[in-house]
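Everything on this sheet refers to the single structure shown next.
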Amino acid sequence: MLNNSEKFSHDYLRHDKKFPHVWCPGCGNGIVLGSLIRAIDSLEMAKDDIVLASGIGCSGRLPVYVDFNTLHTTHGRALTFATGIKLANPSLNVIAVMGDGDATAIGGNHFIHAARRNLDLTAIIINNQIYGMTGGQYSPTTPYGSKASTALYGNIEHAFSIAELAVTAGASFVARGTVFHVKLLDKLIAQAIRKKGFSVIEVMSNCHVQYGRRNNMGDPVTMMKWLRDSAKNIKPDGSMDSESEGGSFTIGVLADLEKPDYIEEYARIRQKAKELKQ
Amino acid sequence: MAKNKSPEKVLLQGNEAIVEGALAAGCRFFAGYPITPASEISELMSVRLPQLDGTFIQMEDEIASMGAIIGASLAGVKSMTATSGPGFSLMQENLGFACITETPCVIVNVMRGGPSTGLATNPSQGDVMQARWGTHGDHPIIVLAVSSVRDCFDLTVIAFNLSEKYRVPVIILSDEIVAHTREILNIPAANTIAVVDRIHPNTPPEWFIPYEDNSRGVPPMASMGDGYRHHITGLIHDPKGFPTQNPKEIEAFLKRLFRKITTGFYEIQITKSILMEDAEIAVIAYGSVTRSAHRAVVKAREHNIKAGLIQLVTLFPFPKNAVDIILRQCRAALVPEMNVGQISREVKRVNSHGCHIVKLNRIDGQTITPDEIYAKLKDM
Ligand SMILES: Cc1ncc(C[n+]2csc(CCOP(=O)(O)OP(=O)(O)O)c2C)c(N)n1
Ligand code: SF4
């Protein structure tokens, strides 16, 4: 019998795509890819029914390796393409993978409006707190005071909490995980995909090459330990610790709401339009 | 539209005729963001599409609108957006994405005066070169210009057909005058309208090579979800769709994009001639200016000036052959435009026989009148 990783490389990775992948050894992006595949496998979804769309950045290269309908769009715009795809064929499960800069700088406007609109999409945002692909410039999630290639004297801007932004903007489901807490991540991604409406999962990840190196955070293993130690679970009563507390962050499900999604709402519009026409 | 057994006579403005043309061509998805003088297209789409089980969505901006129509087209639904100059500028990056991924879609730009917010409610033809060259990189594109309500309907159908056949985004340039002029339109019966759909692959999915060259240079197009899983990227890709840095593959890919359009020149480059048989002076016009030109040419004939009119329906690929014939036949040509001379440059570029070319331009937000054109013709 095949063990799980062999099964997944046969079933889900593309045979005709030349490996190795483009990521630096030890990058968290590969762990997110693994989690995504396991989540999808656990949901027993047909590969033909899945669309994986990405923007531009290291994270944006993720779709090329997996055997779904995959789409590598323009920087910051993955959700706009995903919106068109889902509306044109609602039977598809559309998942967008974005970097923190991708989703909240250049794509910030699309992100909040997608959450507000509540179309049934899943947004996975890999938050490595930096622009990885372009060489370590500061992003909207780079912590205050951190160093970046455009902030050698220390970043004077303040970071977004992506997950909290998503909650405020009206997403149906919001969760945060890390590439250290992989079992939890598998579960959160599966939950997000299953959820009807706009779902966001923010994944805290390590970019040891562009972020860690400049900020003396050590190798990938050391950065993993930092993720382990900074993550705080949501308390059993559902309450959360303050996000700003000493660089720590909450992981788990932050919001899970029931409200009609855009496609259900639009079905009503179609019915009304036809009635009025008669 | 299936109800239309016989032609239907309606009074429509240009923007509305574009909507009816799009629906007749099979458009079932529209994403847009409001802007004068294009907003009526969004408004009517929001009413008409849900009646036909299509989808209208108002996006947060034009960048998003362009992304959404590409997404819808990739999922198999004919799609369109409409905007004016400032919004068209925002669409440029994703327009390039449609070019490189060979995604059919139609973009209407109801031109207004620019640069920037410019003249929000006045006509202009200032975006001709933006339509041709707006996105980055070398790429072919198809640009059509409408001059009447009739054109708005017919050319929108043609825009969709060309877009589907050649897998290329097609831009329709309109202007404020055409957009808001109301005219009687005979909407043809649905079964008399020729509608072209993209060719879907018929090989087994395992054999499907998404960007494989063929004699037409236009690969069959699979829709997301129909079993032909493949990778689509804005990076230059090999025939299988994966990014490539191989110079041979890069060149072969880009050359194919140009070749498929060159191969189709005979049907893509549309022009219309009026009173040209024995003309000694040609007026070369497009868009609403064509109508002033028509009046001026008729008046010139009344005064024994042998003038004729050629309307450029297709602006790009520039109809070089049709214009060349005119320039050989005539001793002079007049190019009236509501810009400083964007198409007159093209005319000069193809003028290999030394025909005398005269420009007539207005950039004050006003249309060019028949009398102005006639006055120029008298002096030529
Ligand atoms: C319109 C546009 N502007 C800028 C770029 C350059 N660019 C490519 S990736 C990137 C940032 C990537 O950072 P992030 O989204 O955080 O993803 P990561 O690489 O860290 O995964 C930028 C600015 C681009 N491709 N397109
Ligand atoms: S630069 Fe950073 S984010 Fe990009 S692949 Fe390397 S480690 Fe990963």
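The values are calculated or read from the model by the stated rules, or taken from the named source; none is laboratory data. What you are looking at is a predicted structure, and each value in this text was computed from that prediction instead of being measured. Positions of Cβ are backbone-derived with ideal geometry, glycine not excepted, and every protein chain shown enters the neighbour counts. Please note that ligands, DNA and RNA were not included when accessible areas were found on the heavy atoms of the full protein model with its side chains. Shrake-Rupley method; radii C 1.70, N 1.55, O 1.52, S 1.80 Å.
Below is a table of values for the structure above.
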read-out: Label-point separation in nm, A:GLU44 to A:THR168, each point 7 Å along Cα→Cβ; value: 4.2 nm
read-out: Tilt relative to chain A, helix A:29-43 - C-alpha long axis, 0 to 90 degrees, to 10; value: 30 degrees
read-out: Cross-link pairs beyond the 21 Å C-alpha cut-off, checked among B:LYS78/B:LYS248; A:LYS195/A:LYS259; B:LYS165/B:LYS255; value: B:LYS78/B:LYS248
read-out: Placed amide H near B:ILE357: partners under 5 Å, 5+ positions off or other chain; value: B:ALA333
read-out: The protein assembly as shown - mean residue ellipticity at 222 nm from DSSP helices (-39,500 (n - 2.57) per run, n ≥ 4, rounded to 500); value: -11000 deg cm²/dmol
read-out: Candidates A:PHE19, A:PHE249, A:PHE198, ranked by Gaussian network fluctuation over chain A, Cα under 10 Å, top entry; value: A:PHE19
read-out: Global geometry of the range B:108-260, whether rounded, prolate or oblate, following the gyration tensor of its Cα atoms and the 1.5 cut on a/c; value: oblate
read-out: Only Lys, Arg (+1) and Asp, Glu (-1) charged, at Cβ; chain B dipole about Cα centre in debye; value: 900 debye
read-out: Convex hull of the range B:121-173 built on C-alpha atoms - directionally averaged projected area, nm²; value: 4.3 nm²
read-out: Beta bridges by DSSP in the protein assembly as shown, antiparallel share as percent, to the nearest 5; value: 25 percent
read-out: Using θ = phi - 60° and Karplus 6.51 cos²θ - 1.76 cosθ + 1.60, couplings along the range A:59-67 (whole Hz; Gly, Pro as x); value: 4, x, 7, 4, x, 4, 8, 10, 8
read-out: Rg and Dmax [Cα atoms of the protein assembly as shown; Å; Rg one decimal, Dmax integer]; value: 27.3, 93
read-out: Shape call, the range B:19-122: gyration tensor on alpha carbons, a/c limit 1.5; value: oblate
read-out: The range A:127-273: relative contact order in percent, alpha carbon pairs under 8 Å with at least 6 residues between; value: 23 percent
read-out: Evaluated at q = 0.09, 0.11, 0.15 Å⁻¹: base-10 log I(q)/I(0), Debye formula over Cα of the range B:190-328; value: -0.49, -0.64, -0.85
read-out: For residues of B:77-86, the mean tally of beta carbons on other chains within 10 Å; value: 1
read-out: Kirkwood Rh (inverse of mean 1/r, distinct Cα pairs), chain B, angstrom; value: 21.3 Å
read-out: Residues in the range B:357-380 reached by a label modelled at B:GLU280 [backbone nitrogen below 14 Å; 7 Å Cα→Cβ]; value: B:377-380
read-out: Share antiparallel - DSSP beta bridges, chain B, percent rounded to 5; value: 30 percent
read-out: Within straight-line cross-link reach of A:LYS196, aspartates and glutamates at Cα separation under 20 Å, skipping those fewer than 8 residues along the same chain; value: A:ASP41, A:GLU44, A:ASP48, A:ASP49, A:ASP120, A:GLU164, A:ASP186, A:ASP256, A:GLU258, A:ASP261, A:GLU264, A:GLU265
read-out: Separation in nanometres of the label points that stand 7 Å from Cα toward Cβ, at B:PHE258 and A:ASN109; value: 3.5 nm
read-out: Cα-based reach from B:LYS240 at 15 Å (exclusive), listing aspartates and glutamates while leaving out same-chain residues under 8 positions away; value: A:ASP16, A:ASP67, B:GLU102, B:GLU206, B:GLU212, B:ASP213, B:GLU249
read-out: Beta bridges by DSSP in the range B:254-380, antiparallel share as percent, to the nearest 5; value: 20 percent
read-out: Solvent-accessible area buried by B and A, counting both chains, probe 1.4 angstrom, square angstrom; value: 3400 Å²
read-out: Cα gyration tensor shape for the range B:167-247, rounded if a/c is under 1.5, else prolate or oblate; value: prolate
read-out: Around B:ALA194: net Lys/Arg minus Asp/Glu count, Cβ-Cβ under 12 Å; value: -3
